[in-house]
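K.L.:
Here it is, the structure, as structure tokens.
The values are calculated or read from the model by the stated rules, or taken from the named source; none is laboratory data. Predicted, not measured: the structure shown is a model, and the values here were computed from it. Every residue, glycine among them, receives a Cβ derived from its backbone with ideal geometry; neighbour counts consider all protein chains shown. Areas reflect the complete protein model, heavy atoms only, side chains present, ligands, DNA and RNA absent. Shrake-Rupley method; radii C 1.70, N 1.55, O 1.52, S 1.80 Å.
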Amino acid sequence: MTLALNFLVSFDGSNGDYPPRSLIIDANGNLFGTADYGGANGDGTVFEIAKTAFAYASTPAALVNFSGADGSRPVCSLITDSNGNLFGVTGSGGATDCGTVFEISRTVSGYAGTPTTLVTFHGADGSSPKDGLIADAHGNLFGTTVSGGTNDEGTVFEIAKIAGGYAGTPITLVSFDGASASNPYGGLIADATGNLFGATMPGGGATYGSV
């Protein structure tokens, strides 16, 4: 049996360019994702493809156009909380060009057009996150950075959920040292008891990577 592809949208640069990661979908069938480049400033976008009565909108709506100062290169899949707020990372940009963790708030009329920068990385606490976040039952966020940390070999970090939102400084759970592992390009998963699992590309005893 031959299956036919149904192309929903084509990006034109102004609404995004090079969407590198998978999409997420909300309860109404709307699709959300990130584009690494493009947008109003060339620094990437977060986009929505709206579910319509018959199919999908033929043009993606750029919810956020990154500007560099608030992040650049959102090379990640998004996650969402129970209120529909969107969360992700940018691989560069922010105050130190080491990347950011951002939130896009769900409002009564749609989504905020400006991302809230939850964390700006500074190198010592991580640099250049390349994959998306996960959240635990309490709303704490977890992720990885490819470089930075104590040895500049990457980190695993946590952003704690607090009463007013999120802590502005990441907790560095692990700084990789190269001998055991280095440069975690992928994201994390967690088991039922909260243990975290991930992989690194190089590093490890044979320098071929590790889990």
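K.L.:
With volume of the Cα convex hull per residue in Å³ as the read-out, I listed [x] 115; [y] 152; [z] 139; which label goes with the value calculated from this structure?
P.N.:
Label [y] holds the value from this structure.
K.L.:
In addition: According to the square roots a ≥ b ≥ c of the eigenvalues of the Cα gyration tensor, what is the shape class of segment 105-145, taking rounded for a/c under 1.5, prolate for a/b larger than b/c otherwise, and oblate for the remainder?
P.N.:
Numbers: a/c = 2.67, a/b = 1.58, b/c = 1.69.
It comes out oblate by the Cα gyration axes.
K.L.:
Right, here's the next one. Anyone know which of L78, L133, L173 comes out most mobile in the 10 Å Cα GNM of the chain?
P.N.:
Its mean-square fluctuation being the largest, the pick is L173.
K.L.:
Place the peptides 69-76, 145-152 in order of packing, highest mean first, counting for every residue the other Cβ atoms within 10 Å and averaging per peptide.
P.N.:
69-76, 145-152
K.L.:
Follow-up. Among bridges DSSP assigns within segment 37-145, what percent are antiparallel (round to 5)?
P.N.:
Rounded to the nearest five, the antiparallel share is 95 percent.
K.L.:
Compute the relative contact order of segment 38-154 as a whole-number percentage, counting only Cα pairs closer than 8 Å that sit 6 or more residues apart in sequence.
P.N.:
Over segment 38-154, the number comes to 19 percent.
K.L.:
Right, another one. Using only the Cα atoms of segment 1-82, what do you get for the radius of gyration and for Dmax, in Å?
P.N.:
Gyration radius and largest Cα-Cα distance of segment 1-82: 13.2, 49 Å.
K.L.:
Continuing with the same structure: Would you work out the relative contact order for the chain, in percent, from Cα pairs under 8 angstrom that are 6 or more residues apart?
P.N.:
That works out to 11 percent.
K.L.:
For segment 88-159, what's the relative contact order in percent, using C-alpha pairs closer than 8 Å and at least 6 residues apart?
P.N.:
26 percent
K.L.:
Let me know the shape class of segment 151-196, please: from the alpha-carbon gyration tensor, a ≥ b ≥ c as square roots of the eigenvalues, rounded when a/c is under 1.5, otherwise prolate if a/b is greater than b/c, or oblate.
P.N.:
Because a/c hits 1.5 or more and a/b fails to exceed b/c, segment 151-196 counts as oblate.
K.L.:
So, one more: Taking DSSP loops as anything outside H, G, I, E and B, show the longest stretch in the chain free of chymotrypsin sites (Phe, Trp or Tyr not before Pro) there with at most 10 other beta carbons within 10 Å.
P.N.:
Longest stretch, sites excluded: 55-207.
K.L.:
Something else: Please label the shape of segment 37-87 as rounded, prolate or oblate, based on the square roots a ≥ b ≥ c of the eigenvalues of the alpha-carbon gyration tensor (a/c under 1.5 means rounded; beyond that, a/b larger than b/c means prolate, else oblate).
P.N.:
Cα axes put segment 37-87 in the oblate bin.
K.L.:
Amide H of N15: which non-local residues (sequence gap of 5 or more, or other chain) have their own amide H closer than 5 Å, using H built in the peptide plane?
P.N.:
Counting only residues 5 or more places away or on other chains, the set is G39.
K.L.:
Then there's this: Any chance you could list the semi-axes, whole Å, largest first, of the equivalent ellipsoid that the Cα gyration tensor gives for segment 114-211, using √(5λ)?
P.N.:
Ellipsoid half-lengths, sorted descending, are 23, 16, 10 Å.
K.L.:
From the protein chains alone at 1.4 Å, what is the descending order of accessible area for M201, M1, largest first?
P.N.:
M1, M201
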